[in-house]
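Below is one structure; the comments refer to it alone.
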Amino acid sequence: MRIDLNSDVGEGYGAWQMGHDDQLVPLVTSVNIACGAHAGDPLVMEQTVALAVEHGAAIGAHPGYPDRDGFGRRDLAMSAAELEASLLAQLGALSAFVRAAGGRLVHVKPHGALYNRAAHDPELAATICRAVVRFDSSLMLVGLAGSTMLEVARAAGLAAAGEAFADRAYEGDGSLRSRRLPGAVVPTPEAAAEQALSIATLGSVISHDGATVKVRADTLCIHGDTPRAAEYAREVRRALEQADVKVAPLRPAD
């Protein structure tokens, strides 16, 4: 058994720091770096890319709606052309820092509201995929396991990886429990490790209401803004490795 362990990082900007990337990045195998729209700025991007290169983490872009005030977790009424142009700009910005650091951009994972909506909106998913294909069709698209976004990505000729979450609660239909509702975040590192192990070894997760939900995932996420994120990552990785699950980065498309 093999699975990637990823985290959303580089989400501070200016004097505002989000999470503890220096502690988290060494514990995961892939990172999704904010591209300056919902979070991140040029210096934060450069420093986060350098951290990822130092620790051998596969580097992905984490573009979102241009919505700093809402941290990219609100839907924006953007036309397809506006969104596609924004995504291209974000990918280009992060790619410049990756190239300058001698690294390689491996994947793209949309952020927040963009990710959640594209999971069930084929038109939005197609816009995201058009931007990725125009930028670099060898990039892998990371999306919610079992979602419409992965189907659209594959139809567009992109490699696609299904993602599940160690630190987020699920609903019975396989969607993530809204952050507006209580119990949206898995409460402890130990509970997150148990959930991660169930996904990796059994292909299922217990939803918030107690139902068993099938989840087939290539990568597991721990959000960088989850309180105690590094503790979550450490406990999840320990549990996976003790169960003989190989924790390894997503393989780049060749």
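Ordering of 44-54, 201-211, 2-12, 142-152 by packing is 2-12, 142-152, 44-54, 201-211, highest average first (other Cβ atoms within 10 Å, averaged per residue). What the pair-distance distribution of the range 34-85 shows, using all Cα-Cα distances binned every 5 Å from zero, is 5, 19, 22, 22, 14, 11, 6, 1 percent. One quarter of the surface of the convex hull around the alpha-carbon atoms of the range 2-247 equals 11.8 nm², the direction-averaged projected area.
Contact order, relative form, for the chain: 23 percent (alpha carbon pairs under 8 Å, 6 or more residues apart, mean separation divided by residue count). The Rg/Rh ratio for the range 185-253 is 0.96, where Rg is the radius of gyration of the alpha carbons and Rh is the Kirkwood radius. Judged by the mean number of other Cβ atoms found within 10 Å, the most tightly packed of the peptides 230-236, 218-224 leads the ranking 218-224, 230-236. Taking the three principal axes of the alpha carbon atoms in the range 37-152, the coordinate ranges are 37, 30, 23 Å, sorted in descending order. Among the DSSP helices (H) of the chain, those spanning at least 24 angstrom by Cα along their long axis with an average Kyte-Doolittle hydropathy of -1.0 or more are 80-100; this is a geometric and hydropathy rule only.
Bear in mind that the values in this text are calculations on the coordinates, not laboratory data. Everything numeric here is computed off the predicted structure, so don't read it as measured data. All Cβ positions, glycine included, derive from the backbone under ideal geometry; neighbour counts span all protein chains shown.
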